[in-house]
Amino acid sequence: MASSSFPSGQPVFRFAPSPNGRLHLGHALSALTNERFAARMKGRLLLRIEDIDRERCTPVLEQAMRADLDWLGIVFEPEPRRQSEHFADYGAALSVLQGQGLIYPCFCSRQQVRAAVAAQEGACGCSWPADPDGAPLYTGTCRAVEPTEAQARQPAGEAHVLRLDMTRAIAAAGDGIGYDVIDEAGEALRVKARPTRWGDVVLARRDIPTSYHLSVVVDDALQGVTHVVRGRDLEAATDIHALLQRLLGLPTPFYHFHELLIDESGRKLAKSRQSESLADLRAQGVTAAAIREKLGFA
């Protein structure tokens, strides 16, 4: 992909939720933090709909999400970018990485991956390393599959994913992979990326021809995003994003990671655990002004 650079003028921020459930207070915190940064820096504020998973993301949930954001009073530039409309952009980026010899098909099922990890642990008498999300690193079984065999198995319809060969990717990217983190005052601190702790990450699937990692990197570049403000739970994933930006010749934005909201059990708020939604609070008579005040944005 062609390299691009940030414009010398206005900063660009984005809030990028997935319409796979109702927004909760954690989403409100992230959206309002983006709004505050954009206001302080006289920047633009974009809305992106991250709906690559077409089964879980629905138009009804997107409309509900937009209603929640309108209720909070956050003003975004029209119109939002919907990832589901731009699979060709992600395919082009994937082709670049394939042309560099950095992508390989993996035909292992989740059960086979678990079995390979168990075998490795039995052989070494140790715990197999896990990525920052706690998932065991891929053992690399399909990395050894001959290209001719892999090419024959893919058109035959065998289930597979496309993985990034991390060792080759690091070698191709060279030294000095990192990104700048800014604080609330806008002061920047350089952080060294550690993408190897993720192993051979999945960048595309047969049913979803991209991944979160690949699509956000491409979108941020195409939309001219200069500042990515998101929760601390995505801090480690920025290792992968900085690596992909280097490999694809794309600019690396400034990053800011805000703290997370947790529930009474000490776990972060999440759609998957049906955390109380903004719609629930609105139904209880809570006002948008009260939400802003509760989260420190009065």
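The values are calculated or read from the model by the stated rules, or taken from the named source; none is laboratory data. Here the structure is a predicted model, which means the values were calculated and not measured. Here Cβ is always computed from backbone atoms with ideal geometry, including for glycine, and neighbour counts include all displayed protein chains.
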- Message: Can you pull out every residue in the range 218-238 that is touching a residue at least 60 places away in the same chain (Cβ under 8 Å), crowded, with 20+ Cβ neighbours inside 10 Å and within 16 Å of Val191 (Cβ to Cβ)?
- Response: His227, Val228, Val229, Arg230
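Mind listing whichever residues of the range 280-298 are outside any helix (DSSP H, G or I), loosely packed, with under 12 Cβ neighbours inside 10 Å and modelled with pLDDT of 95 or more?
Matches in the range 280-298: Gln284, Gly285, Thr287, Gly296.
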- Item | Matching residues, the range 247-270, being part of a loop (DSSP other than H, G, I, E, B) and of a type in the set (A, V, I, L, M, F, W, C) | Leu250, Leu260, Leu261, Leu269, Ala270
- Message: From the list Leu248, Leu189, exactly one residue is buried (at least 17 other Cβ atoms within 10 Å of the Cβ), over 15 Å from Asn34 (Cβ atoms) and not acidic (Asp, Glu). Which is it?
- Response: Leu248
- Return only the number of the condition from (1) in the same structural domain as Ser211 (by TED's automatic domain parsing); (2) on the phi < 0 side of the Ramachandran plot that Gly101 does not satisfy. (2)
- Query: Is it fair to say Ala242 is in a loop (DSSP other than H, G, I, E, B) and farther than 25 Å from Ile74 by Cα?
  - Reply: no
- Would you be able to say whether some residue in the range 271-279 is part of a loop (DSSP other than H, G, I, E, B), more than 13 Å from the chain's Cα centre (by Cα) and either on the phi > 0 side of the Ramachandran plot or buried (at least 18 other Cβ atoms within 10 Å of the Cβ) (or both)? yes
- Query: Just checking, which of Gln83, Gln100 is at pLDDT 95 or above, farther than 16 Å from Ser211 by Cα and in contact with a helix residue (DSSP H, G or I) (Cβ under 8 Å, 6 or more places away or on another chain)?
  - Reply: Gln100
- What pairs can you find where one residue is in the range 54-68 and assigned by TED's automatic domain parsing to the domain that holds Tyr212, the other is in a helix (DSSP H, G or I), and their Cβ atoms are less than 7 Å apart, with a gap of 6+ or different chains? Arg54/Ser84; Ala64/Ala279; Asp68/Leu278; Asp68/Ala279
